[in-house]
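The values are calculated or read from the model by the stated rules, or taken from the named source; none is laboratory data. Treat the numbers as computed from the prediction; the structure is a model and nothing was measured. Glycine gets a Cβ as well: all are built from the backbone with ideal geometry, and neighbour counts include every protein chain shown.
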Amino acid sequence: MTQKSYTGTIATALRLITKFGGPVTYIQYDTELADAAKPWDGPTNELDPDDAGTFRATLQTVFVPPAKVRAYGITTLASDYDIQGLANLYDRIGIVAPEGNEMSRFSAAMIDGVLFGLDRLSVLQPRDEPILAFVGIKR
């Protein structure tokens, strides 16, 4: 039995998110300790998105108001519990085209020059390739 290819679905998701959204820079901070003898001091660049050890990926994202999530039919794409949790807790929900990135690695996003923390994530990933990610963002 042949496995279903999601290449077309991923391309369609990226095309629509690009058309109706825009680029957002997602950030994974460097986790290397500043001083191994003092781990309580934390990583070298705990809150510095411009540090050389920070990984960044610019991904296409469209933001939707939480009240509209059910109207868009998104609950058919992910578990109702995950989407309801996003809708109840956050000011905006980002629908992201992961483009092969492991979204759980990111802890922040730069949106229009403002740094936001990422608090909740739900990924639509039927096999080994993520199609969409839903990110909860609250100021």
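List of remarks:
- Selection count, the range 101-139, where residues are among the hydrophobic types (A, V, I, L, M, F, W, C) and more than 19 Å from Tyr29 (Cα to Cα): 6
- Flag if Arg120 is among the basic types (Lys, Arg) and more than 19 Å from Ile17 (Cβ to Cβ): no
- Where a residue in the range 118-137 is over 13 Å from Phe63 (Cβ atoms) and its partner, wherever it lies, is among the acidic types (Asp, Glu), with Cβ under 6 Å and at least six apart: Ser122/Asp82
- Qualifying residue in the range 80-94 (condition: modelled with pLDDT of 80 or more and either farther than 25 Å from Ala11 by Cα or touching a Cys at 6+ places or on another chain (Cβ under 9 Å) (or both)): no
- Enumeration of residues in the range 1-59 that are assigned to a loop (DSSP other than H, G, I, E, B), of a type outside the set (Lys, Arg), at pLDDT below 85 and farther than 24 Å from Met110 by Cβ: Met1, Thr2, Gln3, Ser5, Asp35, Ala36, Ala37
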